[in-house]
1. Count the net charge of all other residues whose Cβ sits under 14 Å from the Cβ of Leu61, scoring Lys and Arg as +1 and Asp and Glu as -1.
2. In whole percent, how big is the carbon plus sulfur part of the accessible area of the range 144-217, probe 1.4 Å, protein atoms only?
3. Net charge near Arg32: determine it from the other residues with C-beta under 14 Å of the C-beta of Arg32, scoring Lys and Arg +1 and Asp and Glu -1.
4. Efficiency by 1/(1 + (r/R0)^6): what FRET value for Ala14 and Thr62, r their Cβ-Cβ distance, R0 = 22 Å, to the nearest 0.05?
5. Rank by packing, highest mean first: peptides 164-177, 184-197, with packing defined as the count of other Cβ atoms within 10 Å averaged across residues.
6. In whole Å, what is the distance between the alpha-carbon centres of the range 1-57 and the range 145-206?
7. Calculate the FRET efficiency for Ser188 and Leu79 from the Cβ-Cβ distance with a Förster distance of 41 Å, rounded to the nearest 0.05.
8. Explain nothing, just the number: dipole magnitude of the chain about its Cα centre with +1 on each Lys and Arg Cβ and -1 on each Asp and Glu Cβ, in debye rounded to the nearest 20.
Amino acid sequence: MPARSYEVEAIVLATRDHGEADLIVTFFSLERGRATGIAKGAKRSKRRFVNKLEIFSFLHLTCSDPAGGGLVFIHEADLHTPFLRLRTDPPRYATASVVREFLLLALREGERDETVFRLTLWALHGLDTGSQRLSLLLLYLLRFYSAIGYRPVLEVCLTCGIKVSPSHGFVFSHLGGGLVCASCAAASGHPGTRLSPGSIRLMQSALELPLQKLHRLKLTNAMRQECLAALHLYGRHLFQRDIHSWVMLDSFGNRDGTTARPVQT
Ligand SMILES: [Zn+2]
């Protein structure tokens, strides 16, 4: 008897060809977390899958589990939104790729996380509809680290415990995961990333506000640069590896692309 099918809301994180006709798809779903499935005949079936099983697409999938474990069977895909701009606008593709790389690093197969799922949809939607892409990435990473259990400490010095205030200089220690006052940073021999009082207030607000109000925060270019530098180092430290897509992100600098050149995935 065939396994019972079920339906999920899913974001496509990766795809690769399998033989002549099939496609292997890694996706992150609200209901079942990260999973890897096979879409049989996906490269031939115009009706069921064409232009749907694409990286970053948000889909409604009909699946079933194989009897002995292994790849999930993907039977049908219906498109909620293709987030097309993320695949056609190179700077936005680079930004979404950083989001995707962090998800692939953080989520284990079968791991479900509703907060991260909703945060990721918020980020992809913002990138697709024209939000300032580096501001959006900064806000995403702060909330993402918090959601996976590594909320940066932004209220007191990690070492001596003095309250964070604009009258003292503070740096972000990616090794400790939070702010350290200038004297403790000097004593430790780890310089950290300098953050202006404005950047510190911004990061504090970004962790407090509800998701739907984050777009109200006003960011300057200097804030984006120093906060993203700190959050990049923190991510590398948390996962103990380079974030490969950051090289592509850096290659676009501050450009907010609008070209429609297709990007190879
Ligand atoms: Zn201190």
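The values are calculated or read from the model by the stated rules, or taken from the named source; none is laboratory data. Keep in mind the model is a prediction, meaning the values are calculated, not measured. When we count neighbours, we look across all protein chains shown, and the Cβ atoms used for this are built from the backbone with ideal geometry, even at glycine. For accessibility, only protein heavy atoms count, side chains too; no ligands or nucleic acids. Shrake-Rupley method; radii C 1.70, N 1.55, O 1.52, S 1.80 Å.
1. Summing Lys and Arg as +1 and Asp and Glu as -1 gives -2.
2. 58 percent
3. -4
4. Details: r = 20 Å, r/R0 = 0.90.
That pair, Ala14 with Thr62, gives E of 0.65.
5. Result, highest mean first: 164-177, 184-197.
6. 42 Å
7. After rounding to 0.05, the efficiency reads 0.20.
8. For the chain, the charge dipole is close to 440 debye.
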